[in-house]
Structure formats: structure tokens, C-alpha cells
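Novice: Quick one: this structure, given as C-alpha cells, is what I'll be asking you about.
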Amino acid sequence: MLERDLFLLFVRPLNQLGIRYIVGGSVAAIFYGEPRTTNDVDLIVFLNDRDTPKLTAAFAPPDFYVPPMESILAELRRERGGHFNLIHNETSFKADIYLAGRDELNAWGFRFKRPVQFEGETLMLAPPEYIIARKLEYYREGGSEKHLRDIRSLISVSGSTLDRAALNDWITKLGLEAEWRLVSG
């Protein structure tokens, strides 16, 4: 498996289990923009109590690190912002699992997800407007320039296909105007 395909270690089991997800973060930005390396995949997941045992069984040791069931359930109880990691032990490639919760942008991202065929697998990509809004939030939180580079790349490659009205709406709703000016000129 090539390094660029490592995210499939996490997507394939989700597809097989029928757990709803969207790919976000750098992996989605790469699909909409230009190639670069990344050491993780961001997955926004709709998870419930019934799916949690199936998820932990699919990502079980020794192949994967999976947090204890009680930790996942505690994150699942959060209304917003639940998060945990899965790690493929052989490669150290990581999946940041963000629970969809009651987040308005997540709900919008799921509504407008884009199925893409890749290496025989159907990936559910978050829409590019979602990726831009989240990366602007990540930049605001941590100041990492990689988020702005990803946005510029995405705009350079896929800018003509963006729903500018939806993007502007999310930028306003999330108070990201200052961060947006850094990439939009």
C-alpha cells in the first residue's frame, strides 16, 4: 500500500460497517487541490451506541490502537466536539475521528458530501466549502500555515466549482472573515 493510500486503512472498514462518515482535513483538501504528504486522515463520523462495538472490533489490536470503549462512549455523549484517535500500529498512520454531534457545519457537510471513486473504494468527501471553513477554524485555533496553504491550493485547483454563496455564509456564521482575508486577498 502506497503512503498516499494509507487513509484507506480506515475508510474501507467504515464502508464495510455502513457507518456514515465524510473525509475532511488534508486528505479531502488533497483531492480538491494539490498533492502533499500527510500523516493522518480526518473523518467526521455519525456514531451511536450500537455502532461503537462494531467500530472497536474492526480496528482491534494488534493491528490498531483503539481507545477503551468507555472513552469512546464518553466522547459520544458530548453534544459537540467529541473526538478520538485510531492508529494503525504498523505504519503509525492516524485517523482523527470527529463525532458529528449537533454541529451545524457537520450536518451541512453530510448533506452535501461528494462520493468519489478511489482505488476501488467509494469515499465520501466533505464538500470543498466545508474543508475551507474548517481549515480556517483550525488556522484560527492554532496558527498553522499548512491550513492556509491547503486552502490556497484548493482554490487554485477547484475554485471555479466552489459554491461561493454557501462559503461566504459559513465564513460569516463562524466569524472567520479575518482568516478568510488571509487567503482571498
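The values are calculated or read from the model by the stated rules, or taken from the named source; none is laboratory data. Predicted model, so just to flag it, every value in this text is computed and none were measured. FYI the Cβ positions are ideal-geometry reconstructions off the backbone, even for glycines, and counts take in every protein chain you see.
Novice: Looking at region 143-185 only, could you name the residues that are without any contact (Cβ under 8 Å) to a residue 12 or more places away in the chain, closer than 22 Å to I30 by Cβ and among the aliphatic types (A, V, I, L, M)?
Specialist: None; the set is empty.
Novice: For residues that are closer than 26 Å to D5 by Cβ and of a type in the set (S, T, N, Q), scanning just region 38-81, find the one that is surrounded by the fewest Cβ atoms within 10 Å (Cβ to Cβ).
Specialist: Ranking the qualifying residues of region 38-81, first place goes to N39.
Novice: Could you grab me the full set of residues in region 61-71 that are under 16 Å from D96 (Cα atoms) and assigned to a loop (DSSP other than H, G, I, E, B)?
Specialist: Correct list: V66, P67, P68.
Novice: Oh, and also: Within region 160-178, which residues are surrounded by 13 or more Cβ atoms within 10 Å (Cβ to Cβ), assigned to a helix (DSSP H, G or I) and either touching a Leu at 6+ places or on another chain (Cβ under 6 Å) or of a type outside the set (A, V, I, L, M, F, W, C) (or both)?
Specialist: Across region 160-178, the qualifying residues are N168, D169.
Novice: Among the numbered conditions (1) over 18 Å from the mean Cα position of the chain (by Cα); (2) of a type in the set (A, V, I, L, M, F, W, C); (3) part of a strand (DSSP E or B), tell me where I22 comes up short.
Specialist: Condition (1) is where I22 drops out.
Novice: Anything in region 126-142 that is without any contact (Cβ under 8 Å) to a residue 60 or more places away in the chain and in a loop (DSSP other than H, G, I, E, B)? List them, or say none.
Specialist: Correct list: P127 only.
Novice: Does at least one position in region 47-63 carry a residue that is farther than 24 Å from K113 by Cβ and touching a Lys or Arg at 6+ places or on another chain (Cβ under 9 Å)?
Specialist: no
Novice: Still on this structure: Consider T56 against the criteria (1) touching a helix residue (DSSP H, G or I) at 6+ places or on another chain (Cβ under 7 Å); (2) part of a strand (DSSP E or B): it satisfies all of them except one. Which criterion is unmet?
Specialist: Going through the list (1) touching a helix residue (DSSP H, G or I) at 6+ places or on another chain (Cβ under 7 Å); (2) part of a strand (DSSP E or B), T56 breaks only (2).
Novice: Would you call S92 surrounded by fewer than 20 Cβ atoms within 10 Å (Cβ to Cβ) and in a helix (DSSP H, G or I)?
Specialist: no
Novice: Okay, next question. Which of the residues belonging to region 42-54 are at pLDDT 95 or above and aliphatic (A, V, I, L, M)?
Specialist: Hits for region 42-54 are L43, I44, V45.
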